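Got a structure here, written out as structure tokens. Questions coming.
The values are calculated or read from the model by the stated rules, or taken from the named source; none is laboratory data. Fair warning: this is a prediction, and the values are worked out from it, not measured in the lab. Cβ: placed from backbone, ideal geometry, glycine included. Neighbour counts: every protein chain shown.
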Amino acid sequence: MMISTRGRYALRVMIDLAEHDSGGFTPMKDVAERQGLSLKYLERILPVLTKNKLVSGVHGKGGGYRLSRRPEEYTVGEILRLTEGNLAPVSCLYGDAEPCSRASECRTLKMWTDFYNMTNKYFDGITIADLMRSDNAGDYVI
């Protein structure tokens, strides 16, 4: 499993909105500028976040985006599953996958299932508030 730029950028947007929450709406151009991200690319990510009610948006003068909930109420797992579609390490674990004819004799299925469950549990245990803590930040950008 590899997390795409879409998932990584969505996390950066969510953290940025949380850190710069002034009670109003934050223009996406401000987020793009602070994060060094393409505004065009962010405009492709935001509809997913808005449609799923992670952020709310207002168009026009004074418009922008803001979190719909408190930072403690968002998990990394929730955001990644929305933006990545699935965190399954192998295709047979995708929700809409055809049942594998070899599942009953597959010697690796339990390993992949355990890894999948471990990954989801790990990401579900981290919130946006956790990522906002400066002691978590290194000299790198996700």
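Kindly evaluate L39 against the criterion of being surrounded by fewer than 16 Cβ atoms within 10 Å (Cβ to Cβ), free of Cβ contacts under 8 Å to residues at least 60 places away in the same chain, of a type in the set (A, V, I, L, M, F, W, C) and in contact with a helix residue (DSSP H, G or I) (Cβ under 6 Å, 6 or more places away or on another chain).
yes
Among the candidates G24, G57, G62, which residue alone is over 20 Å from T83 (Cβ atoms), surrounded by fewer than 18 Cβ atoms within 10 Å (Cβ to Cβ) and touching a Phe, Trp or Tyr at 6+ places or on another chain (Cβ under 8 Å)?
The unique qualifying residue is G62.
Let me ask something additional. Can you spot a residue in the range 65-72 that is closer than 16 Å to I128 by Cα and assigned to a helix (DSSP H, G or I)?
Yes; the residues of the range 65-72 include at least one that is closer than 16 Å to I128 by Cα and assigned to a helix (DSSP H, G or I).
Then there's this: Does at least one position in the range 128-137 carry a residue that is in a loop (DSSP other than H, G, I, E, B), in contact with a Phe, Trp or Tyr (Cβ under 6 Å, 6 or more places away or on another chain) and either within 16 Å of L17 (Cα to Cα) or touching a residue at least 60 places away in the same chain (Cβ under 8 Å) (or both)?
no
So which residues in the range 93-108 are modelled with pLDDT of 85 or more and closer than 28 Å to R8 by Cα, if there are any at all?
Scanning the range 93-108 gives a single hit, L93.
How many residues are in contact (Cβ under 8 Å) with a residue 12 or more places away in the chain, part of a helix (DSSP H, G or I) and either of a type in the set (F, W, Y) or more than 23 Å from G77 (Cβ to Cβ) (or both) if we restrict to the range 15-36?
3
Quick check on this structure: which one of K121, K53 is modelled with pLDDT of 95 or more, of a type outside the set (S, T, N, Q) and on the phi > 0 side of the Ramachandran plot?
Going through K121, K53 in turn, the sole match is K53.
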